[in-house]
Amino acid sequence: MIAVRKSLSLVASLVLATSVAGCSSPPLQLYTLAGAGTGQNGAVTPGTPILEVRRVQMPDYLDTQDILTRNGTALARSPNGRWAERLSDGVTDVLAARIGVSRPDLFVTEQAPLGTTANRLLVTITRLDISLSGTATLEAHWTVIPADEKQPEQTYRASFSTTGNASSDAGTVALVNAMSQQLATRITNSLPATLLAGTSPS
């Protein structure tokens, strides 16, 4: 009788383990934005104007590793997908990389070398929504602060949208990437044709 009970207990344990294994969730998938980390290479020529891209500012609920979609006033977090870094860091990387590719006359960096005078770019994203229906909307404003203090600051703003498939994490990531690329293009087009070269303080 004891042997029978032990056998039944073993069978029950195996069934439970199999059931739990069958119900386990898919593995966590990490995503990055396309274009991040693909900027300029090689030595910087002395006298090249420096553009320092400061970390992008955005609402706290967006600036996480959660991949979010919106349904009206409700936000849904992906159960299996995450950004590999905080979203503000990823968007900043994209902006710096894309601007650097489009403006090879500039040294575009996220941290200007110590002791140099640099032009600065401050970007604030006030809205970045991906709806369950696949509509993506971005609203942002940015300021270009010249290295020459005698020159005026220039502030711009933009709002645009696109559509795609938000039924999967990959689709949502693609929409965020498309918005980031559009923002990078708008910012690049707004930059002055010439910027003051970075200098060391005397």
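The values are calculated or read from the model by the stated rules, or taken from the named source; none is laboratory data. The structure presented is a predicted model; accordingly, all values stated were derived computationally and were not measured. Here the Cβ is made from the backbone with ideal geometry for all residues, glycine too, and neighbour counts use every protein chain on show. The area values use the complete protein model at the heavy-atom level, side chains included, leaving out ligands, DNA and RNA. Shrake-Rupley method; radii C 1.70, N 1.55, O 1.52, S 1.80 Å.
Would you please put 133-139, 87-93 in order of how densely packed they are, using the mean number of other Cβ atoms within 10 angstrom per residue and starting with the highest?
Those peptides, ordered most packed to least, come out 87-93, 133-139.
What is the set of long-range amide H partners of residue 196 at a cut-off below 5 Å, with H atoms built 1.01 Å from backbone N?
Close amide H contacts, sequence-distant or interchain: 147, 148.
Using just the alpha carbons, could you tell me how many Å³ per residue the convex hull of region 66-202 encloses?
Working: hull volume 15.6 nm³, N = 137.
Dividing the Cα hull volume of region 66-202 by its residue count gives 114 Å³.
Mind listing the phi-derived Karplus ³J(HN,Hα) values for region 72-77, rounded to whole Hz, using 6.51, -1.76 and 1.60 with θ = phi - 60°, and x for any glycine or proline?
x, 8, 9, 10, 10, 9
Distance from a point 7 Å along Cα→Cβ of residue 25 to each backbone N in region 70-88: keep the residues under 16 Å and list them by number.
In region 70-88, the label zone of residue 25 (backbone N under 16 Å from the point 7 Å along Cα→Cβ) covers 76-84.
Round to a whole number: what % of the accessible area of region 95-175 belongs to carbon and sulfur, probe 1.4 Å? Working shown, then result.
On the way: 1920 of 4070 Å².
Ligands and nucleic acids excluded, carbon and sulfur give 47 percent.
Given R₀ = 25 Å, what would the calculated FRET efficiency be for residue 102 paired with residue 139, taking r from the Cβ atoms and rounding to 0.05?
On the way: r = 22 Å, r/R0 = 0.88.
Working from the Cβ atoms, E equals 0.70.
So if each residue of separation counts as 0.36 nm, and I subtract the Cα-Cα distance between residue 160 and residue 148, what length gain in nm does that give? Show your work: numbers first, answer last.
Numbers: separation 12, 0.36 × 12 = 4.32 nm, distance 3.15 nm.
Result: 1.2 nm gained on full extension.
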